[in-house]
Amino acid sequence: MKIPEPRGPVSTALFGVLAEAPDIQAGGLEELQRLVASQLAASPDIIADDDLQLALFCLYELHYSGLEGVSDEWEWAPELVRVRQLLEKPFEAALRDAAAQAAGDLDLPPASGLTSDAVADVLFGLAARDGGPSLSRYVAKKATLEQLKEFLIHKSIYQLKEADPHTFAIPRLSGRAKAALVEIQADEYGGGRPERMHSALFARTMRGLGMTDDYGAYVNDVPAVSLAAVNLMSLFGLNRRLRGAITGHLAIYEMTSSQPNRLYGNGFRRLGFDAQVTHYFDEHVEADAVHEQIAGRDLAGGLVEAEPGLLDDVLFGATAVMAIDGRLSAHILKAWESGRTSLRAAVPAAA
């Protein structure tokens, strides 16, 4: 991914550090750490902080496809990992606060002796309670062509690397849960056929609207909350202690995906787009209807049966994604209903 434009002192300093060789003098990294601490102290809401979310996003990107012109040796440089941890701690705290509000008065049975079916029932109950703003219904009935492009831009930040954050969990699970995750991921990656990978299907949708499908091409255009929705996946996937959270995240994703994707596909069909464009959404209607059972019962349920102490983290992952995705949907809908763009600027010329 090309290094995006900085959004404040932290991302500016980070990109300056990454432009150097990994044996950079400690002064640059010490200054970066001081800037992070200062920005965190001044920021009223890390989830909406463009500078901090962009810096965290780019730090995580070192563990994915990397950043153009940046040495791969930076990935595990201890001082840079420390910077990432300084950002992760308050980000996780903010996510836990948001998740607690989303969970509300959820009544849970004791984790000890909880069956996989009972875990799945709790998660399905959570999914059914989701009362956030319906972006999918707006797309199906009202969205203009420019709004459809904006919608794809928001989604592209994750969808062009779809499934990768969850794959980090595979070596951290065992037995039934691991087998379930591998089964789901095999479908996400096209069953061995690269043209059927879900990221490839999404790229085809973008091309169908005349948009570039280069990974990270639209990072400059999305607000902090769009980055936060992706950063929380990386936070969960890259930290073994949060393996329950990434499991709950994937489970609720699958459980709340099928019907919205049906509506998204209808929105594109309403404006005359054919199956080349809607294939991505249509694929998820069918696939996620199967995946939700595997994810709920065998993945999340199997994990809690094996490690009952992870129930709270499974629910944290599920409620966190509901909270942040709801916040992103509310941001987009508020902008559209006011006749404004939901991006940081108008739809880019590349679109």
Exercise. What fraction of the Cα pairs in region 57-165, stated in percent, has a spacing above 17 angstrom?
Worked result: 74
For this session: For region 229-270, list log₁₀ I(q)/I(0) at each q in 0.18, 0.20, 0.29 Å⁻¹, using the Debye formula over Cα point scatterers of equal strength and ignoring solvent, two decimals each.
Result: -0.60, -0.66, -0.91
Exercise. With every protein chain present, what accessible area does M197 have (1.4 Å probe, heavy atoms only), rounded to the nearest 10 Å²?
Worked result: 60
For this session: Pull out a ≥ b ≥ c, the square roots of the eigenvalues of the alpha-carbon gyration tensor of region 222-305, then state rounded if a/c is under 1.5, prolate if not and a/b is larger than b/c, and oblate in the remaining case.
Result: oblate
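Run the numbers for R270 and S38: contour at 0.36 nm per residue of separation, minus the present Cα-Cα distance, in nm.
Numbers: separation 232, 0.36 × 232 = 83.52 nm, distance 4.85 nm.
So the extension gain works out to 78.7 nm.
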For this session: Report the full-extension gain for the segment T144 to Q259: residue separation times 0.36 nm, less the Cα-Cα distance, to one decimal in nm.
Result: 39.3 nm
Exercise. With the other protein chains left in place, how much accessible area per residue, in square angstrom, belongs to the chain at a 1.4 angstrom probe?
Worked result: 41
Problem set entry | Percentage relative contact order, the chain, counting C-alpha pairs under 8 Å, at least six apart | 26
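A 29 angstrom limit on the alpha carbon distance is what I want to check against. Which of K155/K178; K2/K89; K89/K178; K161/K334; K2/K155; K149/K178 exceed it? Don't skip to the answer; put the middle values down first.
Values: K155/K178 27 Å; K2/K89 27 Å; K89/K178 27 Å; K161/K334 27 Å; K2/K155 18 Å; K149/K178 36 Å.
Table pairs above 29 Å Cα-Cα are K149/K178.
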Exercise. Could you name the aspartates and glutamates in cross-link range of K142, using Cα to Cα under 15 Å and dropping any fewer than eight places away on the same chain?
Worked result: E150, E337
For this session: At q = 0.10, 0.22 Å⁻¹, what is the base-10 log of I(q)/I(0) for region 154-271 according to the Debye formula with one equal point scatterer per Cα and no solvent? Please give it to two decimals.
Result: -0.33, -1.44
Exercise. Of all accessible surface on the chain at a 1.4 Å probe, what whole percent is carbon and sulfur?
Worked result: 51
Problem set entry | Ranking by accessible area, most exposed first, for T278, T144, T167 with a 1.4 Å probe | T144, T167, T278
For this session: Select from D105, D51, D325 the residue whose mean-square fluctuation is largest in a Gaussian network model of the chain (Cα-Cα springs shorter than 10 Å).
Result: D105
Exercise. If you take the alpha carbon radius of gyration of region 1-130 and divide it by 2.2 N^0.38 Å, what ratio comes out, to two decimals?
Worked result: 1.36
Problem set entry | Whole-angstrom Cα spans of the chain along principal axes, big to small | 54, 52, 40
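Rank-order 38-46, 303-311 by packing density, defined as the average count of other C-beta atoms within 10 Å over each peptide's residues, highest first.
Values: 38-46: 13.4, 303-311: 20.2.
Per-residue Cβ counts within 10 Å, averaged per peptide and sorted highest first, yield 303-311, 38-46.
Using only DSSP helix segments of four residues or longer, with each worth -39500 (n - 2.57), what per-residue ellipticity at 222 nm results for the chain after dividing by its residue count and rounding to 500?
On the way: 16 runs with 223 residues, N = 351.
Calculated mean residue ellipticity at 222 nm is -20500 deg cm²/dmol.
The values are calculated or read from the model by the stated rules, or taken from the named source; none is laboratory data. All figures in this text were calculated on a predicted structure; none of them were measured in a lab. A quick note on method: Cβ atoms are made from the backbone with ideal geometry, for glycine too, and the neighbour counts reach across all protein chains shown. Surface areas here come from the heavy atoms of the whole protein model, side chains and all, with no ligands, DNA or RNA. Shrake-Rupley method; radii C 1.70, N 1.55, O 1.52, S 1.80 Å.
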